Structures are given as structure tokens and as C-alpha cells.
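K.L.:
The structure under discussion is supplied below as C-alpha cells; questions concerning it will follow.
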Amino acid sequence: IISLYAGVMIDRYGGKRILIIERMILIVLALATASILLFDQVQIWHIVVLSTLAGSTIALGNPATQTVIPEVVPNDLIQSANSVNQVSRALGQTLGPLAAGILIAARSAALALFGLAAVYFGALIATFGISAKHKRVSTPESATRQIIEGLRYTSRTPILKWVILLGTSVLFSGMIFPIIPVYAKDVLETSEVEFGWMWGALAIGQATGALTIIGTGGFKKLSHGMTSGALVFGVGFIGFGLSENYYLSLLMLSITGMGFPLWVSSVRTMLQTHSKPEYPGRVMAIFAISVQGISIGWILGGMLMDAIGNFETVLVAVFGGWIIVLITMVSSKEFRNA
């Protein structure tokens, strides 16, 4: 819900301004969390409140980040720019937990949170350096009215409508997050360090896929990038599901990871390049909501593994996503040609 209002704010004031606000709030929240940990005053309700506030704040920043990219790079480089963004995310997903673990082991969780505040501060300084080309928009319409207009515009624009529908396929790809730990424990019987390398292999695959897009300039037809991403993810994940060898599993996870940037960079580029200048914030906000199904995928993956088995759940995760991609390709000529 907050993402919808964030979309209106982005369209009115620009993604850069919203990112500045987001990162300032995140710094305050990280420092507050670190302080209650430092003085050993933490209670469950503290974490619930602070986590809810942090999640709500990130709901402002996620669509804002995606609207800034088209404002700072030429159209022919947007796909590569989205891939650079994916490389950054992959590095963060690999190095962030590692750095946090080192800080917790060296001193305490409070030190890790102070470190997080420092990272947010660096991001804030970097945001001030962005030369975004957004023209501030003044309108007498209420935010609610603008949200309704954004929903109508998206539903009436075939490419945007089908891409956002395609975003719901992350419900199936999200099953990977409960599946990997179960395989690590029950099938591969890994140590804690080996388990960490499994996530590292996934991140390495993401970085490799993103760098491939950057090096080649990306797909001429973005629909081909989305379908390629889904196919690579599926082949790698099925291979992981069949593997009982740890090193083969690492290889399969890296292949699985390569599918993410192919899919994500293509989806984001299509939304960014097919949204009218007055709507990008609201379009990206609607997309951000559609991909929240990934959280349901976590729960559904765990339930299915208990109900039907591990490899059967892997097949559901792969073929469920493939079916949504197939429906989109068959149903929309505009999507196929984009």
C-alpha cells in the first residue's frame, strides 16, 4: 500500500528526492536498533516496530531506484544500467551477510547495525551526487486520485499490464529460498561454511549473468531476455534438485543465479521504456507490489516440501514460473515484439 503512495511522490518530486528521504530514515532506524542492542534493552516489540518501519521505508526506495536509472542514462544503455544494478545487489547479498557475521563475531550485533548505518550513510552521499533530470510536477489532484489514474493507465497499456502479470511468477521462483536450506541439511549434509558458499554460488551466478548483459549490450528484444532468464533459472534449478554432489550443486546454483539478471533487467527495462514520463513512479510501484508474491513463495515452498517432497517442489517452482511466461508470450503480441 505504501508503495502506491510512494509512486505518486516519485512522479511528483522525482526518484532522487525520495531516495534521499528513504536513506536518511534508514540511517536513523539502524542507529536506533544498534543503540537498544548496545545498551541491552532490546525486546521483541522493539524489533517488530523497527522492522516494520524499515520495511515501510524500503517500500519508498524500491520503485524510486528504478525510476532514477532512465533519468541518468541514455535509452540504449538502460538495460546495461539495470544489469550494473543487479551486480551491485549480488555483491551486497554476498558481502553484506559476511561483513555482518564478522562484526557480530568480533564484537556484537550492535556493531553490525552501526556498520549498516555507515553503509546507508555512504549510499546517501552517493545519492546526492546523482544528476537526475526530473521536472517537479504540481497537481491539484489528490494522491488517491493519482493512484487510481496510475492503475487505469497500467491496465490499459498492454505491455505494462502483461509485464506486471509476469511479475507474479516470482511466487514460484521465491520457493528457492526454503528449498536451498533443506537440500543443504537433508541431502548434501553441509557445514555452516559450505552452506554459506551455496548462497555465494547463487550470487556469483547473478553477477555473471549481469556482466554478460553489460558486455553484450543486452537483448534486442526484451521479451527474449525474460524468457531466456526463466529458462536458465529452470534448467539450473532442476539440475540442483537432481544433484546429490556438493560441488555439482554449487555449479547448478550458479547457473540458476544467472537467470535472475536476465529476467529482472529485461522486465525493469521494459517497464521503464514503455511508461509515459508522467507515470513511471506509479508503474514501478505497481510492479513492486506484484513481485511481493515472492514472500508467499517462501511459505508455499516450505509447505509443499512437507506435503509432496523436495524434488517435486523444485518442479513446481520451475514449471509454475514457466507456465506464466508461456501464457504471457502466447497472449500478448505487444509483449512478444517488445
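K.L.:
Explain nothing, just the number: relative contact order of the chain, from Cα pairs under 8 Å at least 6 residues apart, as a whole percent.
P.N.:
In percent, rounded to a whole number, it is 29.
K.L.:
Say we join alpha carbon atoms closer than 10 Å with springs in a Gaussian network model of the chain; which of 222, 300, 231 then has the biggest fluctuation?
P.N.:
Result for the chain, Cα springs under 10 Å: 300 fluctuates most.
K.L.:
In addition: Projecting each Cα onto the charge dipole of the chain (Lys/Arg +1, Asp/Glu -1 at the beta carbon, about the Cα centre), which of 212, 33, 100 comes out farthest on the positive side?
P.N.:
So the residue furthest toward the plus end is 212.
K.L.:
With the cut-off at 21 Å, tell me which of the pairs 161/333; 16/276; 133/276; 16/161; 220/333; 161/221 have Cα atoms farther apart than that.
P.N.:
16/161
K.L.:
Further question on the same structure: What is the percent carbon and sulfur in the accessible area of the chain, measuring with a 1.4 Å probe over the protein chains and ignoring ligands? Write down the numbers at each step before the final one.
P.N.:
Values: 11370 of 16690 Å².
The value for the chain is 68 percent carbon and sulfur by accessible area.
K.L.:
Given the options 210, 109, 307, which has the most mean-square fluctuation in a GNM of the chain, springs set between C-alpha atoms less than 10 angstrom apart?
P.N.:
Its mean-square fluctuation being the largest, the pick is 307.
K.L.:
Tell me the per residue accessible area of the chain using a 1.4 Å probe; a whole number in Å² is fine.
P.N.:
Ligands and nucleic acids excluded, the figure is 49 Å² per residue.
K.L.:
Right, next: Please identify, among 318, 182, 163, the residue showing maximal mean-square fluctuation in a Gaussian network model of the chain using a 10 angstrom Cα cutoff.
P.N.:
Fluctuation is largest for 182.
K.L.:
Measuring from a point 7 Å past the Cα of residue 141 along Cα-to-C-beta, which residues in the range 1-24 have an amide N at less than 14 Å?
P.N.:
Of the residues in the range 1-24, 5, 7-13 have backbone N under 14 Å from the label point off residue 141.
K.L.:
With every protein chain left in place and a probe of 1.4 Å, what is the accessible surface of residue 322, to the nearest 10 Å²?
P.N.:
Roll a 1.4 Å probe over it and residue 322 shows about 60 Å².
K.L.:
Another question, if that's okay. At a Förster radius of 30 Å, what calculated FRET efficiency corresponds to the Cβ-Cβ distance of residue 306 and residue 168, to the nearest 0.05?
P.N.:
Working: r = 24 Å, r/R0 = 0.79.
E between residue 306 and residue 168, to the nearest 0.05, is 0.80.
K.L.:
Sorting check: for 37-44, 68-75, 326-333, 253-260, which peptide has the highest mean count of neighbouring beta carbons within 10 Å, and how do the rest follow? Write down the numbers at each step before the final one.
P.N.:
On the way: 37-44: 11.5, 68-75: 16.8, 326-333: 14.5, 253-260: 24.4.
The densest-packed peptide leads the list: 253-260, 68-75, 326-333, 37-44.
K.L.:
With only Lys, Arg, Asp and Glu charged, each at its Cβ (+1 for the first two, -1 for the last two), find how big the charge dipole of the chain is about the Cα centre; round to the nearest 20 debye.
P.N.:
Working: 21 positive and 16 negative charges, 303 e Å.
Magnitude of the dipole: close to 1460 debye.
K.L.:
Residue 11 accessible area, nearest 10 Å², 1.4 Å probe?
P.N.:
Surface accessible to solvent at residue 11 totals approximately 10 Å².
K.L.:
Moving on to the next point. Can you order the peptides 168-178, 96-106, 19-29, 280-290 by their average number of other Cβ atoms within 10 Å per residue, highest first?
P.N.:
Details: 168-178: 22.5, 96-106: 13.8, 19-29: 19.5, 280-290: 24.9.
Highest mean packing first, the order is 280-290, 168-178, 19-29, 96-106.
K.L.:
Determine which residues of the range 112-134 fall in the zone a paramagnetic label at residue 46 would reach in this model, i.e. backbone nitrogen under 15 Å from the point 7 Å along Cα→Cβ.
P.N.:
Backbone N within reach: 112-114.
K.L.:
For the range 71-87, what does the Karplus curve 6.51 cos²θ - 1.76 cosθ + 1.60, with θ = phi - 60°, yield as ³J(HN,Hα) per residue in whole Hz, taken in order and with x for Gly and Pro?
P.N.:
Values, residue by residue: 7, 10, 10, x, 4, 6, 10, 5, 4, 5, 5, 5, 5, 4, 4, 5, 4 Hz.
K.L.:
Can you sort 133, 276, 220 by solvent-accessible area, 1.4 Å probe, largest first?
P.N.:
So, going from the largest accessible area down, we get 220, 133, 276.
K.L.:
Quick check on packing: order 236-244, 265-273 by the mean number of other C-beta atoms within 10 Å, highest mean leading.
P.N.:
My ranking of the peptides, most packed first, is 265-273, 236-244.
The values are calculated or read from the model by the stated rules, or taken from the named source; none is laboratory data. As the structure is a computational prediction, the values presented were derived from the model and not from experiment. When we count neighbours, we look across all protein chains shown, and the Cβ atoms used for this are built from the backbone with ideal geometry, even at glycine. Only protein heavy atoms, including side chains, enter the accessible area calculation; ligands, DNA and RNA are left aside. Shrake-Rupley method; radii C 1.70, N 1.55, O 1.52, S 1.80 Å.
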